[in-house]
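Structure record follows, encoded as C-alpha cells.
Derivation of every value follows stated rules applied to the coordinates shown; laboratory data play no part. Predicted model only: the values in this text are computed from it and were never measured. Here the Cβ positions follow ideal geometry from the backbone for every residue, glycine too, while neighbour counts run over all protein chains shown.
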Amino acid sequence: MDARLNYFASPAVGKVLKHLRAAGQVVKESPLPAATQELVALRVSQINGCAFCIDMHTKDAVAAGETPVRLHLVAAWREATVFTEAERAALELAEEGTRVADAAGGVSDEVWARAARHYDEEQLTALTVLISFMNMANRMNIIAQQPAGDYVPGQFH
C-alpha cells in the first residue's frame, strides 16, 4: 500500500511539518511523564484507527522501556490493573478529548478534576496539547493512508 500523499516532498507542507515537529519536541520535553505521553498517544491513535501512529508509538514506547503487557492493555485500560491512577486519569482525559463529537459536553468536569488531581497546570497543558496534536496527526495520516509497519523507533526525533 502506498500513501496518497508524500508530506515530506511538499515544500509548503515541509515547512508546516518542521513547526509541528518542533511543537511535538516541546511537549516531549515537558514535565509530563514520558510513559504517560506514549500511553496517551497510543490510546488516541487506537480510538482514531491510525495504524501509522499506533505502529510508531508502540515501537517508541518499547524502545523507551515500556512493557508489552501495558501496551497490550491500553485499549482496555479501565479493566487493567497495570496503570497508575495518574495514567488512568490521563487516558480518560485523552478519550473524552478525542471523542468530542460523541460526547456532546466535551470533556466533563469530573474527568478534568481527576486529571487535575494528578497533574499540575504545566503538565495538564502539555497533556491537552498532546491529545490535540495526536488527533491532528492521526487525521493527516488517515486521510493520506500512511502505511504502517515500517517505522523505526526515533525515526522522527
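Some points to look at:
- Order of Leu5, Leu93 under a 10 Å beta carbon neighbour criterion, fewest first: Leu5, Leu93
- Here's the picture: charge each Lys and Arg Cβ at +1 and each Asp and Glu Cβ at -1 in segment 10-144, and of Ala89, Met134, Ala34 the one pushed furthest to the positive end of that dipole is Met134.
- The calculated FRET efficiency for Phe156 paired with Ala3, based on their beta-carbon distance and R0 = 25 Å, is about 0.95.
- The chain - mean residue ellipticity at 222 nm from DSSP helices (-39,500 (n - 2.57) per run, n ≥ 4, rounded to 500): -20500 deg cm²/dmol
- Segment Arg99-Ile142, length gained on full extension (0.36 nm per residue, minus Cα span): 13.8 nm
- Among [x] 2.33; [y] 1.03; [z] 0.98, the entry that matches Cα Rg over 2.2 N^0.38 Å as calculated here: [y]
- A simple spin-label model places the labels of Thr81 and Ala64 2.6 nm from each other, with each point 7 Å out along Cα-to-Cβ.
- Database remark: amide H of Leu32 closer than 5 angstrom to no amide H (H placed geometrically; neighbours at sequence offset of 5 or more, or on other chains; Pro and chain starts carry no H).
- Relative contact order (%) - segment 10-144, alpha-carbon pairs under 8 angstrom, separation at least six: 35 percent
- Taking the fewest neighbouring Cβ atoms within 10 Å as the starting point, the ordered list for Ser10, Ser45 is Ser10, Ser45.
- Kyte-Doolittle mean at least 0.0 and Cα axial length at least 24 Å: DSSP H helices in the chain: 11-28, 121-144
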